[in-house]
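**Student:** Take a look at this one; I'll ask things after.
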Amino acid sequence: MQQIINFIIRNKTFLLFLLLFTISILFTIQSHSYHKSKFINSANFITGGVYNSVNNITGYFDLKTQNEVLVEENNYLKSLLYNTKQPADGTLFRDSLSFDKQFIFGTAKVIKNSYSSTDNILLIDKGSNDSIKQDFGVITSKGILGVVNKTSKNFATVISILNTNSQISAQLKKSNHFGSLTWDGISPAFVQLLDLGKIAPVKKGDTIVTSGRSSIFPKGIPIGTITDFELDDAENFYVIQVKLFNDMSNIEHVYTIENIDIVEITNLLNENKNE
Amino acid sequence: MNNIVSANILRFFTLVLVQVLICSHINFLGYINPYIYILFIILFPVKNNRVLFIFISFLLGLSVDIFLDSGGMHAAACVFIAYVRPVVLKFSFGIQYEHLTMKFDAVDFGSKLTYITVLTVLHHIILFYLEIFSISKIMLVLQKTLFSSIFTILLCVLITIIFSRKTK
């Protein structure tokens, strides 16, 4: 016993180093697996508060371009609104009492953006007080952005599509062939679409949209266009380079998407699995 | 004594805030960022309690990690360079360090540059290896290490020169 204690005292520096190093490696491994970073995330009171107060100042520098983006989107929505065919009797009847919609949209602001590391995580200024929960989709006016991971009272972290752990179901716009969208960590302007069968009609310039199979995003949210494609080593699936519509380095106003039916869908899927 | 403690506490918070609010958002050429917060470890007094020093370095890395959502990679790299610092000190300053009388303001530039370079490169290799976390992408790790190291070393040397206390 005496010897053990002596050993510990003699090597206390090395043991402390080993302990702290192991703890940090454990945190790192946790952060590399989806939805597991329990303690270390920036959705907390201190870091969220710091980023928020800095964003209050720096937000002004970007106002002009952000306004232009919003006006552009308004313009698009207006053109949709006034060009829809009215019913024959001239009334556009809307039932304000029924809640018969699957997706609920909310707005948020990105207060911390990152796109240069291999696992990028964003911070938005809405949290569980604004009923943001895990697995909400996050999009911008131009396209897809990511999925909510951790929430605190006033903040939430978003796993960006520029994260090597993220996998989002995506498909071709012109046909229903689908694959999964991943990122290889190299350029923030390009993501990769994998597992798209050889039989699919792929052409340069085609548009990629979300497939709606993941129950996080609705079908048809734009992602990007195909710039390059080739068959993988087994020659069964395409590896497609997709250029994002979003400029990931310049993002401010985003929309959160809640799928009301997600509980029902996951329950049903789990029942099928258990059988 | 008190003066040194308060100076180090101030340096800790300043460097963390400068790192997470400015330096991590530079993204020069897309991905090159300086990691100047390791100046805290580089400039920590030589005569110290090693256990305390390693623990403070862990806290430094962890606070940067929380801000940048990076798990524990900064903490791991910081703890490592804090542990190997005596060896690096001996390697770069030689006999001066043995006497435990040296001050960073009063050493010659060449050995100081060696010291900063060795610590920075060690820190960056561990950091980027843990960030990318795959052996097959070792070239990407080395590439990021090289370019970010140059940036970090340049800034660290500049900052030490600007804030040195030599009054002449």
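The values are calculated or read from the model by the stated rules, or taken from the named source; none is laboratory data. What you see is a predicted model; the values in this text were computed from it and never measured. We place every Cβ from the backbone using ideal geometry, glycine too, and count neighbours over all the protein chains shown.
Yes/no per residue for (1) out of contact with any Asp or Glu (no Cβ under 8 Å at 6 or more places or on another chain); (2) surrounded by fewer than 16 Cβ atoms within 10 Å (Cβ to Cβ); (3) modelled with pLDDT of 85 or more:
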{"position": "B:V5", "(1), (2), (3)": "yes, yes, yes"}
{"position": "B:R11", "(1), (2), (3)": "yes, no, yes"}
{"position": "B:Q19", "(1), (2), (3)": "yes, no, yes"}
{"position": "B:N27", "(1), (2), (3)": "yes, yes, no"}
{"position": "B:Y35", "(1), (2), (3)": "yes, no, yes"}
{"position": "B:I66", "(1), (2), (3)": "yes, no, yes"}
{"position": "B:A77", "(1), (2), (3)": "yes, no, yes"}
{"position": "B:I81", "(1), (2), (3)": "yes, no, yes"}
{"position": "B:R85", "(1), (2), (3)": "yes, no, yes"}
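**Student:** Find the residue count for segment B:42-76, including only residues that are over 18 Å from A:L26 (Cβ atoms) and among the aromatic types (F, W, Y).
**Tutor:** Total meeting the criteria: 3.
**Student:** Please enumerate the residues belonging to segment A:236-275 that are of a type in the set (A, V, I, L, M, F, W, C) and surrounded by fewer than 15 Cβ atoms within 10 Å (Cβ to Cβ). Working first, answer last.
**Tutor:** Kept after step one, since they are of a type in the set (A, V, I, L, M, F, W, C), are these residues of segment A:236-275: A:237, A:239-240, A:242, A:244-245, A:248, A:251, A:254, A:257, A:260, A:262-263, A:265, A:268-269.
Answer for segment A:236-275, where residues must be of a type in the set (A, V, I, L, M, F, W, C) and surrounded by fewer than 15 Cβ atoms within 10 Å (Cβ to Cβ): A:I260, A:V263, A:I265, A:L268, A:L269.
**Student:** Assuming B:F93 fulfils every condition listed in (1) surrounded by fewer than 18 Cβ atoms within 10 Å (Cβ to Cβ); (2) of a type in the set (F, W, Y); (3) more than 14 Å from chain A (Cβ to nearest Cβ) apart from one, which condition is it?
**Tutor:** The number of the failed condition is (1).
**Student:** While we're on this one: Step by step: first the residues of segment A:188-226, then only those that are within 14 Å of chain B (Cβ to nearest Cβ) and within 11 Å of A:V242 (Cβ to Cβ), then the one that is surrounded by the fewest Cβ atoms within 10 Å (Cβ to Cβ). Which residue is that? Full working, then the answer.
**Tutor:** The first filter runs over segment A:188-226 and keeps only residues within 14 Å of chain B (Cβ to nearest Cβ), leaving A:188-190.
Of the ones still in play, those that are also within 11 Å of A:V242 (Cβ to Cβ) are A:189-190.
On the way: A:A189: 18, A:F190: 16.
Of everything passing the filter in segment A:188-226, A:F190 is surrounded by the fewest Cβ atoms within 10 Å (Cβ to Cβ).
**Student:** Do any strands (runs of 3 or more DSSP E) entirely within segment A:155-224 hold 3 or more residues that are under 18 Å from A:N113 (Cβ atoms), and if so, which? Working first, answer last.
**Tutor:** Details: elements: A:156-163, A:168-172, A:178-182, A:190-197, A:207-210.
The strands (runs of 3 or more DSSP E) meeting that bar are A:156-163.
**Student:** Please verify whether segment B:20-33 includes one or more residues that are in a loop (DSSP other than H, G, I, E, B), within 22 Å of A:L18 (Cα to Cα) and at the interface with chain A (Cβ under 8 Å from one of its Cβ atoms). Give the steps one after another, and end with the answer.
**Tutor:** So in segment B:20-33, the residues in a loop (DSSP other than H, G, I, E, B) come out as B:22, B:26-27, B:29-31, B:33.
Now drop any that are not within 22 Å of A:L18 (Cα to Cα), which leaves none.
No, segment B:20-33 contains no residue that is in a loop (DSSP other than H, G, I, E, B), within 22 Å of A:L18 (Cα to Cα) and at the interface with chain A (Cβ under 8 Å from one of its Cβ atoms).
**Student:** A further question on this structure: Hey, any hits in segment A:227-235 for a residue that's under 18 Å from A:L162 (Cβ atoms), surrounded by 18 or more Cβ atoms within 10 Å (Cβ to Cβ) and in contact (Cβ under 8 Å) with a residue 12 or more places away in the chain?
**Tutor:** no
**Student:** Sticking with this structure for a sec: Take the residues in segment B:49-61 that are surrounded by fewer than 16 Cβ atoms within 10 Å (Cβ to Cβ) and either in a loop (DSSP other than H, G, I, E, B) or within 8 Å of chain A (Cβ to nearest Cβ) (or both); name whichever of them is modelled with the highest pLDDT.
**Tutor:** B:V51
**Student:** Would you pick out the residues in segment B:117-156 that are in contact (Cβ under 8 Å) with a residue 40 or more places away in the chain, of a type outside the set (A, V, I, L, M, F, W, C) and within 11 Å of chain A (Cβ to nearest Cβ)?
**Tutor:** Result: B:E131, B:K144, B:S148.
**Student:** Also, I was wondering about something else. Which of (1) at pLDDT 80 or above; (2) surrounded by fewer than 13 Cβ atoms within 10 Å (Cβ to Cβ) is the odd one out, the single condition A:L15 does not satisfy?
**Tutor:** (2)
**Student:** Quick one: how many residues across segment A:46-60 are over 23 Å from the mean Cα position of the chain (by Cα) and small (G, A, S)?
**Tutor:** Number satisfying all stated conditions: 1.
This table checks each residue for (1) at pLDDT below 80; (2) within 16 Å of B:L21 (Cα to Cα); (3) more than 10 Å from chain B (Cβ to nearest Cβ).
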residue	(1), (2), (3)
A:F21	no, no, no
A:H35	yes, no, yes
A:E68	no, no, yes
A:R94	yes, no, yes
A:S98	yes, no, yes
A:F103	no, no, yes
